[in-house]
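Peer 1: Okay, handing you the structure first.
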Amino acid sequence: MGFVLARASAGLADGTIRGDVGHLEQMRSWFGRQLWEMEPSDADAYFGKVPRASPSGTRLRRSQTLTTYFLVLELRYKVEIDRMTGRVTKCPIDEMNRPRGSSDAALRISSSGPEVKMLFAGWGGELATCWKVAPTARNYTASKLMSQVGGRVSEACKLDLADIK
């Protein structure tokens with residue numbers, strides 16, 4: 001679920017996300033366990049046998065999808081998985097076996113609620129001592145509004161001091 005939301009938040013098309021989920025489901029059905037339990041030897045066995053006859057683009061896409069899946073796990077769920085299972089989450093596709101081509105993952109991992117509250121508490125505390133009060137107050141208010149209701153940046157940028165007051 002977190003993988004799909006992170007990819008959708010990054011602006012990927014539904015078809016691309018559906019394809020990624022399909023690749024992950026195929027790998028999981030072959031593996032027979034949760035993908036986060038996959039070790040480098042398992043990934044070597046999978047990519048050395050299963051998609052061997054597939055076009056190179058398909059093999060590349062699957063390995064990039066698996067790498068992106070583990071990136072989401074490591075950024076968002078690593079601590080929870082370790083706490084629940086005692087297992088450290090690590091991508092089974094290491095630097096030596098990383099696929100060719102650029103694979104800069106399009107992800108948008110949102111901050112947790114306590115992290116957002118801590119950010120705005122610190123920022124709000126600085127408003128009283130900042131040198132340029134009006135722009136800082138506008139930026140604070142616009143950001144706070146966007147974090148609470150999901151406003152678009154272009155709409156929030158149109159706020160002026162009267163709107164903020």
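Peer 1: Sort out for me the Cα centre separation of the range 49-98 from the range 1-24, rounded to whole Å.
Peer 2: Computed from Cα coordinates, the inter-centre distance equals 15 Å.
Peer 1: Which order, highest average first, do 14-20, 53-59 follow once you tally other Cβ atoms within 10 Å for each residue and take the mean per peptide?
Peer 2: 14-20, 53-59
Peer 1: When you count, for each residue, the other Cβ atoms within 10 Å and take the mean per peptide, how do 63-69, 21-27 rank with the highest first?
Peer 2: Highest to lowest by the protection proxy: 63-69, 21-27.
Peer 1: Listed highest first by mean packing, meaning other Cβ atoms within 10 Å per residue, what order do 85-91, 40-46 come in?
Peer 2: 40-46, 85-91
Peer 1: Work out, step by step, the length gained on full extension between THR58 and THR16: first 0.36 nm times the residue separation, then minus their alpha carbon distance; give nm to one decimal.
Peer 2: Difference between extended and current length: 13.8 nm.
None of the figures in this text is laboratory data; all of them are computed from the coordinates on show. All figures in this text were calculated on a predicted structure; none of them were measured in a lab. So basically every Cβ, Gly included, is an ideal-geometry build from the backbone, and we count neighbours across all protein chains shown.
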